[in-house]
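What follows is a single structure, written as structure tokens, with notes after it.
Values in this text are rule-based calculations from the coordinates and carry no lab data. Since we're looking at a predicted model, the values are computed, not measured.
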């Protein structure tokens, strides 16, 4: 069975993270990344995390409660609100980009880990189609951690996005779920007119639980260096979390086999 191994460079310098989305799950993921950064530095990691956050939206009154924002932040851009808070509180120099992430204009040479926390299947499908698509040499792999959820179910998947092909390749979310390219999610993305409508669409704990599951995966990777799981499925109705093992037989059940 292959293992999920931490890239050695992640232990020698700051790990450069791009977080795409700072809403329901993304805002809680941001807090998880801040906690991870602080803990890594306390354990003498050389630089912790260097995070850049993309989100074009502003905090609205309906976001308060389910997302990790406060009433005083209503009207502010979500990425800016989160980054200002952590930079002032923890003395960091993380970066907020108050606009939609665009893969054509992005420079991935300064990225170690992509994290998607968006409810737009087409964004994830666009990234998925670019697996192995870089035109310049890549000295270190780029990983992709995807989080997605419905009302009470969710998945977290960590896999390779750009890396050398070979038997150590770990499939990403798009390789396991290529149907993302065919999903029309416009109805799901309609803005809620009230907090009650938002909570009717998604259970209150789902975003925080997804963020904590992603944090657990990254924490184990840093602390253990090599793990046998690269994701999980979560069902709040049954309070069940099922691990996604780094097992070719599991991947084959999704229809994916490593061509190399």
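Of note:
- Based on C-alpha pairs under 8 angstrom that are at least 6 apart in sequence, the chain has a relative contact order of 23 percent.
- Over the Cα atoms of the range 41-93, the radius of gyration divided by the Kirkwood radius equals 1.07; this is the Rg/Rh ratio.
- Considering only 97, 17, 250, the Gaussian network model of the chain with Cα springs below 10 Å gives its largest mean-square fluctuation to 250.
- Expected 222 nm ellipticity per residue - DSSP helices of 4 or more, -39500 (n - 2.57), all of the chain, to 500: -9000 deg cm²/dmol
- Two-decimal Rg to Rh for the range 1-107 - Kirkwood Rh, Cα set: 1.01
- Theoretical gain in end-to-end length, residue 220 to residue 168 [0.36 nm per residue, Cα-Cα removed]: 16.9 nm
- Once divided by 2.2 N^0.38 Å, the Cα radius of gyration of the chain becomes 0.97.
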